[in-house]
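The values are calculated or read from the model by the stated rules, or taken from the named source; none is laboratory data. Small disclaimer: the values here were computed from a predicted structure and weren't measured. Cβ placement follows ideal geometry from the backbone for every residue including glycine, while neighbour counts extend to all protein chains displayed.
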Amino acid sequence: YHIFLVANTAEGHPLFEATDPAHGFVTGPQQIQERIQQYKSDAGGAPIDGKNYYTYEVSLFHQVNLKELQGLLHYNLSIDAYNQTDFLVAIHHLGKAIDLYNSPRIAEFSKILLMALLESKLDEETKGRYIGQVQILLKKRPVMAYRSAR
């Protein structure tokens with residue numbers, strides 16, 4: 001997924017996408033629109049090496065403000081902790097993400113985290129405590145209506 005900035009300057013509105021060092025700075029209005037259209041159409045690819053990947057059922061293209069961007073930072077930190085099976089840190093950052101950004105992708109990740117906890121080899125007491133913490137986070141999250149990208 002791409003996260004990019006469009007700046008408002010006296011010379012125009014350049015696009016900056018930090019994860020593309022070779023072509024991530026675009027200044028031409030037509031090229032900027034083409035790049036944004038490309039980002040909107042990018043979707044998850046087919047499974048790689050026979051592995052299954054979770055597919056989101058919502059559009060992931062959204063304009064965000066600074067507070068929501070902070071929420072996405074905590075979302076990414078939560079995913080990083082999850083990938084390291086550090087569930088306590090994942091839950092901590094998930095809570096911060098939910099507080100800062102009411103996003104479908106954060107809600108979807110909450111489900112993934114719950115499933116992982118249910119299937120984990122944690123002792124039953126720890127597993128129950130972690131699941132309870134995620135459930136509390138989900139209850140405080142406002143209900144969000146969204147339309148499927150399909």
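Here are the numbers for this structure:
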quantity	calculated
Matching entry among Ala97, Ala116, Ala107 (being closer than 15 Å to Leu77 by Cβ and part of a helix (DSSP H, G or I))	Ala97
Residues within the range 75-102 that are farther than 27 Å from Gln63 by Cβ and buried (at least 21 other Cβ atoms within 10 Å of the Cβ), tallied	2
Residue match in the range 103-111 (condition: in contact with a helix residue (DSSP H, G or I) (Cβ under 8 Å, 6 or more places away or on another chain), at pLDDT below 95, loosely packed, with under 14 Cβ neighbours inside 10 Å and of a type in the set (Lys, Arg))	no
Residues of the range 1-36 satisfying the condition of being under 23 Å from Leu73 (Cβ atoms) and exposed (fewer than 10 other Cβ atoms within 10 Å of the Cβ)	Asn8, Thr19, Pro21
Search result, residues across the range 94-110 that are out of contact with any strand residue (DSSP E or B) (no Cβ under 8 Å at 6 or more places or on another chain), of a type outside the set (Gly, Ala, Ser) and more than 18 Å from Asp80 (Cβ to Cβ)	Asp99, Asn102
